[in-house]
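The values are calculated or read from the model by the stated rules, or taken from the named source; none is laboratory data. The model shown is predicted, which means the values in this text are computed figures rather than measured ones. For neighbour counting, all protein chains shown are included, and Cβ atoms are generated from backbone atoms with ideal geometry for every residue, glycine included. Surface accessibility is based on the protein's heavy atoms, side chains included, excluding ligands, DNA and RNA. Shrake-Rupley method; radii C 1.70, N 1.55, O 1.52, S 1.80 Å.
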Amino acid sequence: FKRNVGQASHKLDVAQKSIALYGQMTVALTEETSLTAGARVQNVRQKARDAFDSSAPGAFGNEAPDFTESDTEESYELGIKHQFSNSWSAYGRVGQKARFGTVDELFEFNGSFVQVFSELKPQISRDVEVGVNFENDWLQSTLSIFHQELTNEIHFDPITFQNVNLDDTERDGVELSANAKLNELLTIKGGYTYLSAEFTDGLNGGNNIPLVAEHTYSLSFLATLPHAVSAAINWNYVSASYFANDPSNTFGQKIPSYQTIDFKLSKQIEALELALQVNNVFDEEYFNFGVNSTATAGRFNAYALPERNAYLTASYTFE
């Protein structure tokens, strides 16, 4: 992988190699109960070199030191599911997952705009989840409760422009989803997520994690119309969250909550599908990422998301 930085001749050669051994199995303990188990061992090696030409026009900074890193992490999952009846079932699982820094996350500039490479530790998450499912001829619904602890969570710092490992964090939440087929023509889908995310260690211990919304709602109406026409209306709501660089929760403002409505109309003509999709029908002005000013109180930079936009598409399925 190579990348040029501005007009300066920072030509970066980066290599990432991953080797993993994994396996998974599902065992029927009884006719109603099944057990799933899986494990994975992964090694990731990364090398990076900055071939810097100081004589190139517009060159700036210095050559970054060569970077070499090798990490090995283990992941696993153990889950059990029990079918109480044709309609009711419950499940539980525990697990651990590892995420390694990507090639792009290696690049950064320090405070003097000198090219360096991030020495990121792998992100480790430990999860516990339990849930219950209900299903009959017209309704499918799931309720789940989860707890997640993260060590060395990988995060981009918008002030220093560096990828860093955060102090320990955790997330607790509840998810509810439902899919109701009212009749042959109309289906309703809905979902709700409550998510509490906070730091559990370091200077920001007990504070909320930036950019994480506490409440998320969704509701969809799907209609099958005559002449092979389908229509869908989707409503989405996301509650307020803290700005990207406000782990202390002291800025005094939050990224505002927002809601959008999307509409889609499609027509099937044998193997051809024509579709019209209008997103953000009511032209909501909103953003989900923002950085507050460290120099002027009450000021912030926000990255606006698209206002009303429309797409006309055609797709063909070959047999």
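Quick check: with the 1.4 Å probe, what order do 143, 312, 203 take by accessible area, largest first?
The ranking, largest first, comes out as 203, 312, 143.
Given H placed 1.01 Å from N in the peptide plane, which residues other than close sequence neighbours of residue 207 have an amide H under 5 Å from its amide H?
Hits under the 5 Å cutoff: 199.
Take the solvent-accessible surface of the protein heavy atoms, probe 1.4 Å, and return the percent of it on the chain that carbon and sulfur atoms account for.
Reported share for carbon and sulfur atoms: 54 percent.
Compute the label zone of residue 180 within the stretch 194-224: residues whose backbone N is under 20 Å from the point 7 Å along Cα-to-Cβ.
194, 216-224
Below 12 angstrom from the Cβ of residue 128, what's the summed charge of the other residues (Lys, Arg +1; Asp, Glu -1)?
Its environment carries a net charge of -3.
Under 26 Å from the Cα of residue 81, which lysines turn up, not counting those fewer than eight places away in the same chain?
Here the lysines satisfying the reach criterion relative to residue 81 are 97, 181, 189.
With all protein chains present and a 1.4 Å probe, how do 19, 261 order by accessible area, largest first?
The ranking, largest first, comes out as 19, 261.
Please list 147, 227 from largest to smallest accessible area, probe radius 1.4 Å, with all protein chains kept in place.
227, 147
Provide the solvent-accessible area of residue 159, counting protein heavy atoms only and rolling a 1.4 Å probe, rounded to the nearest 10 Å².
Number for this one is 80 Å².
Can you give the accessible area per residue of the chain, in Å², using a 1.4 Å probe?
The answer is 61 Å² per residue.
Would you mind computing, in nm to one decimal, how far apart the modelled labels at residue 295 and residue 156 are, each placed 7 Å from Cα along Cα→Cβ?
In this crude label model, residue 295 to residue 156 measures out at 2.2 nm.
Looking at the stretch 246-291, which GluC sites (Glu not before Pro) are in a loop (DSSP not H, G, I, E or B) and have at most 12 other Cβ atoms within 10 Å?
Passing both the DSSP loop test and the Cβ count: 270, 285.
Could you tell me the accessible area of residue 124 in Å² (1.4 Å probe, neighbours in place), rounded to the nearest ten?
Rounded to the nearest 10, that gives 10 Å².
Could you tell me how far the Cα centroid of the stretch 225-272 sits from the Cα centroid of the stretch 29-49, in Å?
Here the answer is 33 Å between Cα centres.
Could you state how much accessible area residue 193 has, in square angstrom rounded to the nearest 10, with a 1.4 Å probe and all protein chains kept in place?
40
Would you mind getting me the FRET efficiency between residue 140 and residue 84? Use the beta-carbon distance for r and R0 = 25 Å, nearest 0.05.
0.95
Amide H of residue 257 versus every other amide H placed in the peptide plane: which residues, excluding those fewer than 5 positions away on the same chain, fall under 5 Å?
Placed amide hydrogens put 240 under 5 Å from residue 257.
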